[in-house]
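The next block holds one structure in the form of structure tokens; read it before the comments.
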Amino acid sequence: RRRRRVGAGERVLRYGADAAFFLFAAAIAVAGAVAWFARDLPATDGLWRADRAPRLTVLAADGSPIPLHGQSLGAPVRLAELPPHVPSAVLAVEDRNFYHHIGVNPLSVARALVVNASEGEVRQGGSTLTQQLAKNLFLSSERTYKRKIQELMLAFWLEYRFTKNEILTLYLNRVYFGAGAYGVDAASYRYFGKSARALSLNEAAILAGLLKAPTHYAPDRNPADAGARGALVIKAMEESGFLSSASAAAALQQPVYLRAEPAAGSPWFVDEAIREARRVIGSADVDLVIRTTFDPGLQRALEEGAAAAFSQNAPQSDVQLAVVLMDSEGRIRAMLGGRDYRLSQFNRATQARRQPGSAFKPFVFLAALEQGIDPATRLDDSPLTIGKWSPENYGERYYGDVGMTEAFARSLNAATIRLQERTGRGAVRLMARRMGIESPLSQGAALALGVDTVTPVELAAAYAPFANGGYRVRAHCVVRVDDPSGERLYNQPGSISDIAASEPSIQAVNQMMTAVTSWGTGRSAALSTYIAAGKTGTTQASRDIWFVGHAGGLVAAVWMGRDDNQSLEEMTGGGLPAAVWRETMERALALRPPRPPSEAAAFGIAPASESALLQ
């Protein structure tokens, strides 16, 4: 039988149909593979809130990031805010063709596939900067083919969703630079003590060099290798056309200076700032950039001061400590909420409610002065009984007829209670409220002896009017809260809330408080250069001991006690708490000298005479 001759057109149709079938089958296979790899891809609709991405950035008053549980998260910086050599240094060693690919470099991927096939496992990634960002934002660091394919898919999505500059901005703000520093701004503060906006070319090269191996190339741990790596980055920038030969040669001759090891920061302060931020914005389920009142230098002064005082007379391990250091406008600058955050995260500075004891007495004397009682008034310091209650002086020692200043400086209970009864308990409660005490206050005569509980930060804020001339303040940690895009969510409305007391009365009580540190119960708190005004506090059975006071426009409250409220035996506020206060203030005022008008208003000194502030 003769076969029918198949024409050329028919063969084309037949082969075309076969090809279409195979292409369709291949498309189905590819779609299936994509579906299989995409079935457990992470959600991308919350880019700034991805689980692996840091959620909170807490900044000190100078803009430097405060470590948060070992991680330091810098404030978001825009590409336009950075010197051009910062992104150029990163691109030169991480992805020179960043602006010319679609998220994936085919040659690098092919090279990685050959290496991985020969090794039998994933050994090389061939990742572009976009792929690195996809991994950092959404994926784990496991080295598997599945994770690599998912990384490619997310890289394509990022390239589709964002511009190149936006991707580079995200990368610079999220990449890990070692030492707990996430983002170029955090790394810049960590190693050089400055914002990334001020990085020099050499500093930028050092940071870019870190990305290959953050631990190995850390400049403070391995300066020789870090310097050699930085030099390689500069040469790469020259080869890539980011630098001229002359600029590269000049840069290689310039030294790089590291900052000293930064203070760890106060984890208690960070916790309190986060609580305050969430309270004022009314939501916790958003990324936040929290700008605070924290001063790293004053925190270091506080920690070193407490350590110095403890080295002279270390208390037992179960004796706890809380210290609040704030300025005269209520901005909390430094904080200790205990002796060891690793053992207890409970913040005794803001959460523990303890009796202030005689540290409450300034409000009694201030109320009396505001009621018109003359500061030269004499008081009877002899045993007294009110109903069935017979309060005693410390050590059961009485001084008879005394002046107000002596009664205050010696912390005489009997004389103070008589002054309160003459002034009126209601007037004392009102004065404490006006100064800033918000906790409930009792109705009885024991009010004068500080039997009602307060927090250390509350008591410190109530002493701030003594430092600023008589204005009530709002104690706060947070100045501003933004979202990562820079949109303002909260702005601190202002520290001064009201007039607490008249300036003459404030100055009179300040004179009494200087007597405490000059010859009274708080002599251990006297400062070498500045006027120290404060008050000791020791409650019944020495369960709580305090020293609270101000100097040079700074206010500090020091509390010590046991968490189980057991006695501290013979310890008093004029002992170790006063020593902690003194050692802290000596260092703090050397670091942050006061502004003369602040102390002038507090003590009635002529502002023009700065030397008058010195003892």
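The values are calculated or read from the model by the stated rules, or taken from the named source; none is laboratory data. Bear in mind the structure is a predicted one, so any value in this text is a computation, not a measurement. Neighbour counts are summed over all protein chains in view; Cβ atoms, including those assigned to glycine, are modelled from backbone coordinates with ideal geometry. All accessible areas refer to the heavy atoms of the entire protein, side chains included, with ligands and DNA or RNA removed. Shrake-Rupley method; radii C 1.70, N 1.55, O 1.52, S 1.80 Å.
Rounded to the nearest 0.05, what FRET efficiency do GLN443 and LEU258 have when you use their Cβ-Cβ distance and R0 = 45 Å?
For GLN443 and LEU258, the calculated efficiency is 0.15.
Pull out the extension gain between GLN316 and ASP340, defined as 0.36 nm times the separation in residues minus the alpha carbon to alpha carbon distance; nm, one decimal.
Computed gain between GLN316 and ASP340 is 7.3 nm.
Summing Lys, Arg as +1 and Asp, Glu as -1, what charge do residues with Cβ under 11 Å from the Cβ of ALA251 carry, ALA251 excluded?
That sum, taken over residues with Cβ under 11 Å, equals -1.
In whole Å, what is the distance between the alpha-carbon centres of segment 59-85 and segment 266-327?
Taking the Cα centre of segment 266-327 as reference, the centre of segment 59-85 is 20 Å away.
Across segment 566-583, in residue order, what do the Karplus-derived ³J(HN,Hα) couplings come to in whole Hz, using 6.51 cos²θ - 1.76 cosθ + 1.60 with θ = phi - 60° and x for Gly and Pro?
7, 5, 9, 6, 9, 6, 9, x, x, x, 4, x, 5, 5, 4, 4, 4, 5
To the nearest 0.05, how large is the calculated FRET efficiency for ALA61 and ASP374 if R₀ is 35 Å and r is the Cβ-Cβ distance?
0.25
Find how much the distance from GLU166 to ARG197 grows on full extension, using 0.36 nm per residue of separation minus their present alpha carbon separation; answer in nm with one decimal.
Gain on extension, GLU166 to ARG197, equals 9.4 nm.
Mind listing the long-range amide H neighbours of SER497? Cut-off is under 5 Å, sequence gap 5 or more, other chains count too, H placed in the peptide plane at 1.01 Å from N.
Amide H neighbours of SER497: ARG472, VAL473, ARG474.
Run the numbers for SER567 and ARG480: contour at 0.36 nm per residue of separation, minus the present Cα-Cα distance, in nm.
27.2 nm
Near the amide H of ARG339, under 5 Å away, which other amide H atoms are found, from residues 5 or more places off or on another chain, if H is placed in the peptide plane?
LEU321
Using the Karplus curve 6.51 cos²θ - 1.76 cosθ + 1.60 with θ = phi - 60°, work out ³J(HN,Hα) for each residue of segment 448-459 in order, rounded to whole Hz, and write x for Gly and Pro.
4, 9, x, 8, 8, 7, 9, 9, x, 5, 5, 5
Determine the order of HIS100, HIS476, HIS85, HIS216 by accessible area, beginning with the largest, at a probe radius of 1.4 Å.
These residues rank, largest area first, as HIS100, HIS216, HIS85, HIS476.
What's the ranking of 525-534, 483-492, 222-231, 425-434 by average number of surrounding C-beta atoms within 10 Å, highest first?
So the peptides 525-534, 483-492, 222-231, 425-434, ranked by packing, come out 525-534, 425-434, 222-231, 483-492.
In whole Hz and in residue order, list the ³J(HN,Hα) couplings for segment 472-489 that follow from phi through the Karplus curve 6.51 cos²θ - 1.76 cosθ + 1.60, θ = phi - 60°; x for Gly and Pro.
Values, residue by residue: 6, 10, 9, 5, 7, 9, 9, 9, 7, 10, 10, 8, x, 7, x, 6, 6, 9 Hz.
Show the residues, 5+ positions off or on another chain, whose built amide H is closer than 5 Å to the amide H of LYS194.
The answer is TYR189.
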